[in-house]
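Here's the structure we're looking at; comments come further down.
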Amino acid sequence: MDIVSFVRFTFNTRYMTRWIYGGLILYIPVANFFSFGFLAKASRLFIIGGIGFPTWQDRYDTWIEGIKLLFIFILYGAIPFFMFSCGFFLTTLTSFTAFFGNIIITLSYAALIICSFFLPFAFATYAEKMDFRKALEFENIIQGIKEVFIEYVAGYIVTLVLLYICKLIIRIPYFIGFILSSVFTYYIFLVATYYFTELYKKTTLSAIVMPEESGAETPET
C-alpha cells in the first residue's frame with residue numbers, strides 16, 4: 001500500500017474537482033448523501049484495482065448509496081446515541097440525577113469511539129458486496145480486523161486525530177473555516193477510504209485478490 005502515491009494521485013487535475021465537490025456539500029444535510037455515496041463507489045473501484053475516481057454523472061444512484069450508508073452509520077451509532085440521550089435526559093431532572101447523567105454522557109463518547117472502530121471494514125464490506133446485511137456481520141468484521149490489527153488501529157487513530165484537527169479549523173471566522181473544514185474532512189474520509197479498502201483486501205473478508213498478487217494496476221500519477 002502506498003498512501004503517498006495515492007495522495008499525489010488525488011491532486012491530479014482530472015480528478016481533484018470530484019472530491020472537492022463532495023467536500024463542499026459534506027456538511028449540508030441530505031445533500032451530503034451524495035458525498036458518502038461517492039466514497040462507497042470509490043471504495044468499490046479501489047477493491048477491483050481500478051484507477052481514478054467515480055464520476056458524478058449518475059447522481060441518483062450515488063445519492064441512494066449514501067442513504068444506505070447512513071443506515072449503517074445509524075446502526076453502529078445506536079448504542080452511543082441512546083446513552084447520550086439518556087444522559088442528557090438525566091441532566092434535566094435534578095442535581096442528583098444530573099451527576100449520573102454527565103457520567104453517562106462522557107461514557108457515550110467513549111462508546112462512540114469503540115463502535116465507530118468497526119465502521120471502516122463495515123463500510124468496505126458493504127462497498128464490495130453491496131449487501132446491507134454483510135456490513136452488520138460483526139463476527140466476520142472483527143475477524144478481518146484481527147488479521148491486520150496493527151495497521152488498522154494505526155490508521156484509525158491517525159484518522160481520528162486528523163478529523164479532530166478539522167473540527168478545530170471550523171472555528172476560523174467568516175464562513176472560511178466552515179468551508180475549509182468541510183473539504184478537508186472529506187479529503188480525510190477519501191484517503192481513509194483508500195487506506196482501509198486496501199487493508200480490507202488483505203483479509204479473508206474480501207473475495208478480491210490483492211493487486212500485487214493479481215498484477216492489477218494501482219493508482220499512479
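The values are calculated or read from the model by the stated rules, or taken from the named source; none is laboratory data. Since the model is a prediction, treat every value here as computed from it, not as a measurement. Neighbour counts run over all protein chains shown; Cβ positions are idealised from the backbone, glycine included.
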Residue hits (region 7-21; out of contact with any helix residue (DSSP H, G or I) (no Cβ under 8 Å at 6 or more places or on another chain) and polar (S, T, N, Q)) are 12, 13, 17
How many of the residues making up region 143-182 are over 15 Å from the mean Cα position of the chain (by Cα), farther than 16 Å from residue 197 by Cβ and outside any loop (DSSP other than H, G, I, E, B)? 14
Of all residues in region 69-78 being surrounded by fewer than 19 Cβ atoms within 10 Å (Cβ to Cβ), part of a helix (DSSP H, G or I) and not β-branched (Val, Ile, Thr), the one that is nearest to the chain's Cα centre (by Cα): 73
Given the structure, is residue 49 of a type outside the set (A, V, I, L, M, F, W, C) and in a helix (DSSP H, G or I)? no
So which of 170, 145, 179 ends up being farther than 26 Å from residue 17 by Cβ, surrounded by 15 or more Cβ atoms within 10 Å (Cβ to Cβ) and at pLDDT below 95? 145
May I ask you to say which residue of 113, 141, 170, 179 is hydrophobic (A, V, I, L, M, F, W, C) and free of Cβ contacts under 8 Å to residues at least 40 places away in the same chain? 170
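What about residue 125, is it in a loop (DSSP other than H, G, I, E, B), farther than 17 Å from residue 22 by Cβ and either in contact (Cβ under 8 Å) with a residue 12 or more places away in the chain or among the small types (Gly, Ala, Ser) (or both)?
Values: in a loop (DSSP other than H, G, I, E, B): no; farther than 17 Å from residue 22 by Cβ: yes; either in contact (Cβ under 8 Å) with a residue 12 or more places away in the chain or among the small types (Gly, Ala, Ser) (or both): yes.
Here the answer is no, as residue 125 does not meet what is asked.
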Among the numbered criteria (1) touching a helix residue (DSSP H, G or I) at 6+ places or on another chain (Cβ under 7 Å); (2) at pLDDT 90 or above; (3) surrounded by fewer than 16 Cβ atoms within 10 Å (Cβ to Cβ); (4) among the hydroxyl-bearing types (Ser, Thr, Tyr), which one does residue 221 miss? (2)
Suppose we filter 81, 53, 121 for residues that are of a type outside the set (Val, Ile, Thr), closer than 18 Å to residue 187 by Cα and either touching a Cys at 6+ places or on another chain (Cβ under 6 Å) or surrounded by 14 or more Cβ atoms within 10 Å (Cβ to Cβ) (or both); which single one remains? 53
Condition set surrounded by 23 or more Cβ atoms within 10 Å (Cβ to Cβ) and among the polar types (S, T, N, Q), scope region 16-43, selection farthest from residue 135 (Cα to Cα): answer is 35
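Give 101, 49 a once-over and let me know the one that is farther than 26 Å from residue 196 by Cβ and among the small types (Gly, Ala, Ser).
Details: 49 fails: farther than 26 Å from residue 196 by Cβ.
Of 101, 49, the one residue that is farther than 26 Å from residue 196 by Cβ and among the small types (Gly, Ala, Ser) is 101.
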